[in-house]
Ligand code: ATP
Ligand code: MG
């Protein structure tokens with residue numbers, strides 16, 4: 001590709017809207033452009049990267065015997081009603097009508113459509129197992145699209161769905177997909193971990209996420225230093241080893257005027273935050289008439305609620321919905337910051353760690369007051385205990401081996417054992433050997449093909465730009481001709497090398513713009529082309545061409561007669 005005939009679209013300035021490196025660099029390197037919130041065009045350079053990633057994903061899926069198909073983005077609402085997700089999926093599901101008032105959704109995922117396909121096309125258990133996949137556009141009306149294509153509304157996913165006669169067969173395909181994902185992310189040059197995961201809106205009973213380690217990640221993952229235990233923090237069970245101290249003096253009321261947070265109350269009372277109870281009020285699941293009750297969740301003041309864990313407590317709304325200030329005031333007579341379990345009229349659910357507190361302080365359900373020397377059982381009865389909090393650095397590993405450590409991760413893929421959730425709801429059955437019709441076992445397996453690219457940039461960049469892992473680079477080689485207009489030998493040599501490399505199938509971006517050298521170098525390094533060749537008058541006089549390795553920054557002078565062999569060696573094509 002000649003730069004003069006290409007749409008390079010690089011930017012010199014840092015775009016103000018970009019909060020993280022990958023978003024900033026994707027805009028600056030001319031990979032993407034936003035057209036509406038969370039909706040992007042993939043410019044030519046970005047599309048080249050996308051195609052590289054897709055090709056690797058496709059290769060590894062095909063190797064495991066998965067079969068490619070393509071399903072529609074626009075899906076009839078009827079299918080979503082059948083699975084029970086039309087309402088349950090919530091506002092992330094984009095619903096629309098055609099001119100005849102027929103209802104549709106934009107597919108955020110394709111379990112419904114694939115199950116409708118499977119129940120029609122698969123007649124006999126002899127056709128099983130089968131694993132069908134596509135690489136295709138998804139739409140989720142994310143509440144907060146951000147970080148460019150990392151969390152966008154429209155994005156590309158590879159999604160695969162497998163169908164089985166029995167659980168053992170599902171387990172085998174699940175393991176195959178786990179293995180394929182490990183191979184894909186390794187080939188893409190990513191530092192990743194597979195972790196135990198919650199199944200969220202997709203459902204099912206067993207799942208792993210593939211997380212790329214990066215500080216910009218929105219997920220927290222935890223590892224044990226004494227075993228191979230690794231999980232998303234949403235799944236990491238807390239183990240409490242503390243003993244609850246014996247109750248002391250009776251509780252009493254203390255004035256805490258103007259204190260709205262745990263820290264402010266602790267300071268006013270001369271206590272540490274871990275001696276103050278944090279009380280939050282959430283809703284139960286609404287009944288058919290939309291009615292719900294209020295429930296109090298209690299944690300140690302220095303610890304954090306994990307909303308996924310709370311969503312799993314029986315009877316609570318999932319996802320968790322916090323009570324409004326007005327609801328709290330009407331129910332307790334006080335406001336956030338003065339709430340506590342003593343005398344609370346609804347269900348009280350206490351985190352396992354908070355349950356080990358004794359002689360603690362909590363809100364008095366009266367504005368401007370706390371209670372001190374409160375004790376469970378003596379002062380609060382009939383409460384429930386649950387795992388509600390996030391694990392913390394140094395907590396014991398749930399498998400009893402070692403301590404936990406926390407890292408940030410970007411979720412690039414997830415594999416699920418769905419079981420019969422969709423096949424039962426949508427009647428996707430096959431005849432078994434006794435001619436009895438049974439619902440098929442299902443698995444589903446997703447990779448965020450577009451998000452992978454942002455994740456790769458988070459791990460591979462420097463102050464000058466992107467440093468692509470070889471497998472993802474939009475071009476293999478950049479040829480920069482210095483002042484070809486002034487020096488015909490430079491022009492000739494550059495044209496010759498460009499042709500030779502292109503003939504060998506090497507993907508070259510040939511900068512023939514006759515720009516200032518600084519501009520051409522800056523662009524090549526920003527785009528992150530792994531191998532940069534510079535042809536200039538001075539070195540060419542000595543029969544030499546300069547090579548620069550983008551990753552190491554190392555420069556080498558190579559005899560012009562050897563340059564093609566040299567580059568082939570660098571590309572592993574010797
Ligand atoms: P998240 O927790 O990040 O919202 P998810 O768990 O809802 O993602 P899945 O349903 O597991 O996502 O979808 C499979 C993959 O699609 C994810 O692992 C992720 O890489 C990608 N993905 C999901 N949502 C988005 C999004 N809004 N933008 C870009 N990629 C996404
Ligand atoms: Mg997921």
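The values are calculated or read from the model by the stated rules, or taken from the named source; none is laboratory data. Just so it is clear, the structure is predicted and the values come from calculations on it, not from any experiment. Reconstructed Cβ throughout: ideal geometry from the backbone, glycine too, with neighbour counts over all protein chains shown.
Structure above, values below:
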read-out	value
Selection status of residue 557, more than 40 Å from the chain's Cα centre (by Cα) and assigned to a strand (DSSP E or B)	yes
For residue 192: the one exception among (1) at pLDDT below 95; (2) within 16 Å of ligand 2 (Cβ to nearest atom)	(1)
Residues located in segment 316-330, provided they are assigned to a loop (DSSP other than H, G, I, E, B), exposed (fewer than 14 other Cβ atoms within 10 Å of the Cβ) and at pLDDT 95 or above	324
Test for residue 542: is it surrounded by fewer than 18 Cβ atoms within 10 Å (Cβ to Cβ), modelled with pLDDT under 95 and out of contact with any helix residue (DSSP H, G or I) (no Cβ under 8 Å at 6 or more places or on another chain)	no
Test: residue in segment 154-165 that is away from ligand 2 (no atom under 15 Å from the Cβ), more than 21 Å from the chain's Cα centre (by Cα), more than 27 Å from residue 470 (Cα to Cα) and surrounded by fewer than 17 Cβ atoms within 10 Å (Cβ to Cβ)	no
Members of segment 138-159 found to be part of a loop (DSSP other than H, G, I, E, B) and either more than 16 Å from residue 91 (Cβ to Cβ) or more than 8 Å from ligand 1 (Cβ to nearest atom) (or both), listed by number	141, 143, 144, 147, 152
Residues that are surrounded by fewer than 21 Cβ atoms within 10 Å (Cβ to Cβ) and in contact with a strand residue (DSSP E or B) (Cβ under 7 Å, 6 or more places away or on another chain), drawn from segment 25-37	33, 34, 35
Top-ranked residue of segment 180-213 - restricted to ones that are assigned to a loop (DSSP other than H, G, I, E, B) and near ligand 1 (Cβ under 10 Å from one of its atoms), ranked as surrounded by the most Cβ atoms within 10 Å (Cβ to Cβ)	197
Pairs, first free of Cβ contacts under 8 Å to residues at least 24 places away in the same chain in segment 376-404, second part of a strand (DSSP E or B), C-beta under 9 Å, six or more apart	393/222; 393/403; 393/404; 393/405; 393/406; 394/403; 394/404; 394/405
Any hit, segment 415-438, residues being away from ligand 1 (no atom under 16 Å from the Cβ), farther than 26 Å from residue 228 by Cα, touching a residue at least 40 places away in the same chain (Cβ under 8 Å) and buried (at least 24 other Cβ atoms within 10 Å of the Cβ)	no
Residues being within 21 Å of residue 58 (Cα to Cα), within 16 Å of ligand 2 (Cβ to nearest atom) and not in a helix (DSSP H, G or I) - total across segment 418-463	6
Given (1) away from ligand 1 (no atom under 16 Å from the Cβ); (2) crowded, with 23+ Cβ neighbours inside 10 Å, index of the condition residue 442 fails	(1)
Residues within segment 361-379 that are surrounded by fewer than 19 Cβ atoms within 10 Å (Cβ to Cβ) and assigned to a strand (DSSP E or B), tallied	2
Residue in segment 556-564 that is closer than 30 Å to residue 46 by Cα, surrounded by fewer than 19 Cβ atoms within 10 Å (Cβ to Cβ) and at pLDDT 95 or above present	yes
Residues being under 13 Å from residue 371 (Cα atoms) and crowded, with 16+ Cβ neighbours inside 10 Å - total across segment 241-258	3
Tabulated pairs, segment 444-473, first within 21 Å of residue 507 (Cβ to Cβ), second within 16 Å of ligand 2 (Cβ to nearest atom) and part of a loop (DSSP other than H, G, I, E, B), C-beta under 9 angstrom, 6+ apart or interchain	450/152
